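Structure, as structure tokens:
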Amino acid sequence: MKREILRARTVSVGVSILWFHLCLSVFICGAVGLLLASPAAAKEKADLLVTGGTVVTMDAQRRVIEGGAVAVVGDSIAAVGTSADLEARYEGANTIDAHGAIVMPGLINGHAHAAMSLFRGIADDLSLDDWLHKYIFPAEARNVTEDFVAWGTRLGILEMLRSGVTTYADMYYFEDAVARVTKEAGMRGVLGETIIDFPAPDNKSVPQALEYTQKFLDHWKGDALIVAAVAPHSMYTCSEKTLQDAAALARRNDAPILIHIAEAPFELEQSRDKYGLTPVAYLARAGVLGPDVVGAHCIWVDHADIDTLAHFGVGCIHNPSSNMKTAAGVMPVVEMLAAGEAIGLATDGAASNNDLDLFEEMDLAAKLQKIARMDSRALPAEQVVAMATVTGARALHLEKQIGSLEAGKKADLILVDTSAPHATPMYNVYSQLVYALKASDVKTVVIGGKIVMQDRQMLTLNEKEILAKARDYKKQIAASLVNPAAN
């Protein structure tokens, strides 16, 4: 009996020990499994996650991702892909539902005079020469101050942001104030201080302008949003020495050069009469052209000029509305693209356009080339969208930072609503963007990872205050326009 009891106890202890080891093994395996699974299951942190839209990347493969998403960390894009993939990988501190919208790179307005929004409509239906010399230059002399420039720029930025522009290139006076206002609005800008041979509103001589510009360049060097530039106005308003001094200043500071090139027939005529050269050939001889130059208009160019611009790596900016309205001519966009030119798209200033709507410019750019060449296949919609985004970035020499939705680039993107009657149905996203969609369809704007407009509500600008100030300036400007040609 005792032997049987002892045997039973031994068996019981053995079973208990076995059970203990089994439980311990299960526990250890489970713990190890959890430890191994945790890193894979943990989501990466994103500051912003945009999901559910039609993502138009404008990358080299021109990927269009239905049900796509963009993950943003800091001011940059962390990833682009399907919503399913990115939602599994990332946890967003802030999420934007993009269902029913196109998600695309922010538009790039390659040439503007933002503060001239306050001169919208003061002189229309004129040649460029008369418009400039009889109306605009006198109106500027009478009205332009630093305060004028600040409020005019706010008005221009308000209009551009509402139409999906996230980066613009500007050429005007008191450009330090332009930069300050642009930064406050959270917008990206390549901003050029104008250098011109006659007394300007901010600087009365070229030496003063060069000194001001040096301080301007120093002030904004290395800024995350502002690229300070030097802007000799044109060959017809600057002597060769002024052009060369301005270019030298820019190159000492590794700054871009913004300039009007071959803009109108009178410029071509003057250049040939005075120098025996086209404007492009003259600027090349003067040593102004280079891969740091952004040339606005570039209309009156021949095949040799196109080769010269391509050789020097000059970015060229097409301004269809302004050029049509002033009868300045038609930029040979198709030929220039074929030569390898980087061509951007722009509005020019609101005084000669009369708006800052890049959706309208996309539509007109395509149609203008078709009618000018009598070829409906000229400049197709996809190519025009590229001019407003990735090719426009290359024209501004910023292609490594902006222009497409790719990991590592700045998180500049817009959401364009596709629910309106004029946007329905959609078969081809590029055709829809160029020929059907409007500036008013832009619903949300993100620049450097920060939302500046959401669901059409401005977050960085006081819209009511800006519009009220513009109306006040209208009274002052209108009073100054009595006999404007007298100046």
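Since every read-out is calculated from the coordinates, none of them should be taken as a lab result. From a predicted model like this one, the values you see are computed outputs, not experimental measurements. Neighbour counts are summed over all protein chains in view; Cβ atoms, including those assigned to glycine, are modelled from backbone coordinates with ideal geometry.
So how far apart, in nm, are the two label points at ARG142 and GLN244 if each is 7 Å from Cα heading toward Cβ?
3.9
Once R0 is set to 22 Å, what does the formula 1/(1 + (r/R0)^6) return for the Cβ-Cβ distance between SER419 and GLN454, expressed as a FRET efficiency to the nearest 0.05?
Numbers: r = 17 Å, r/R0 = 0.76.
For R0 = 22 Å, the calculated efficiency reads 0.85.
What is the local net charge at GLU240, summed over the other residues whose Cβ is closer than 12 Å to its Cβ (Lys, Arg +1; Asp, Glu -1)?
Details: positive: LYS241, LYS274, ARG285; negative: ASP197, ASP245.
Here the charged neighbours net out to +1.
What whole-number distance in Å separates the alpha-carbon centres of the stretch 356-418 and the stretch 117-184?
23
Which of LEU459, ALA381, MET426 sits closest to the plus end of the dipole of the stretch 380-487, meaning its Cα is farthest towards the positive end, when Lys and Arg get +1 and Asp and Glu get -1 on the C-beta?
Farthest towards the positive end: LEU459.
How big, in percent, is the set of alpha carbon pairs in the stretch 166-243 lying more than 15 Å apart? All intermediate terms of the calculation are to be shown ahead of the outcome.
Values: 1521 of 3003 pairs.
That tail contains 51 percent of the Cα-Cα pairs.
Over the Cα atoms of the chain, what radius of gyration and what Dmax do you get, in Å?
29.0, 132
Rounded to the nearest 20 debye, what is the charge dipole size of the chain about its Cα centre when +1 sits on each Lys and Arg Cβ and -1 on each Asp and Glu Cβ?
Values: 44 positive and 58 negative charges, 421 e Å.
With only Lys, Arg, Asp and Glu charged at Cβ, the dipole is about 2020 debye.
Taking 8 Å as the Cα distance limit and 6 or more residues as the minimum spacing, I'd like the relative contact order of the chain as a percentage. Before the final figure, lay out each step's value.
Values: 1008 pairs, mean separation 91.7, N = 487.
Rounded, it is 19 percent for the chain.
Direction-averaged shadow area of the convex hull around the Cα atoms of the stretch 200-305, nm²? Before the final figure, lay out the partial values.
Values: hull surface 28.8 nm².
About 7.2 nm², averaged over all directions.
I'd like the FRET efficiency for ALA338 and MET426, computed as 1/(1 + (r/R0)^6) with the beta carbon distance as r and R0 of 30 Å, rounded to 0.05.
0.50
Determine the dipole magnitude for the stretch 229-348: charges of +1 sit on the beta-carbon of Lys and Arg, -1 on that of Asp and Glu, nothing else is charged, the reference point is the Cα centre, and the result goes in debye to the nearest 20.
Working: 7 positive and 14 negative charges, 53 e Å.
In debye, rounded to 20, the stretch 229-348 gives about 260.
For the chain, what is the mean residue ellipticity at 222 nm derived from helices alone (per DSSP H run of n ≥ 4: -39500 (n - 2.57); sum divided by total residues; nearest 500 deg cm²/dmol)?
Numbers: 16 runs with 197 residues, N = 487.
Taken over the chain, the calculation gives -12500 deg cm²/dmol.
At q = 0.20, 0.26, 0.30, 0.31 Å⁻¹, what base-10 log of I(q)/I(0) does the Debye formula yield for the stretch 44-102 when every alpha carbon is treated as an equal point scatterer in vacuo?
Each listed q maps to, in turn, -0.65, -1.03, -1.25, -1.29.
Let's see if you can work this out: charge +1 on each Lys and Arg Cβ, -1 on each Asp and Glu Cβ, no other charges. What is the dipole magnitude of the stretch 44-102 about its Cα centre, in debye to the nearest 20?
My answer is approximately 180 debye.
Just order 274-282, 97-105 by mean Cβ neighbour count inside 10 Å, highest at the front, would you? Write out the running numbers ahead of the final one.
On the way: 274-282: 18.8, 97-105: 21.6.
Taking the mean over residues of other Cβ atoms within 10 Å, the ranking is 97-105, 274-282.
How high is the relative contact order of the stretch 44-102? Use alpha-carbon pairs under 8 Å, at least six apart in sequence, and give a whole percent.
It comes to 46 percent, rounded to a whole number.
Would you list the membrane-span-like helices of the chain, meaning whole DSSP H runs whose alpha-carbon atoms span at least 20 Å along their axis and whose mean Kyte-Doolittle value is at least -1.0?
Details: long enough: 2-41 (57 Å, 1.23); 146-162 (24 Å, 0.28); 206-220 (21 Å, -0.61); 358-373 (22 Å, -0.02); 463-480 (26 Å, -0.90).
Helices passing the filter in the chain: 2-41, 146-162, 206-220, 358-373, 463-480.
How many angstrom lie between the C-alpha centres of the stretch 273-291 and the stretch 423-487?
Value for the Cα centre distance between the two parts: 36 Å.
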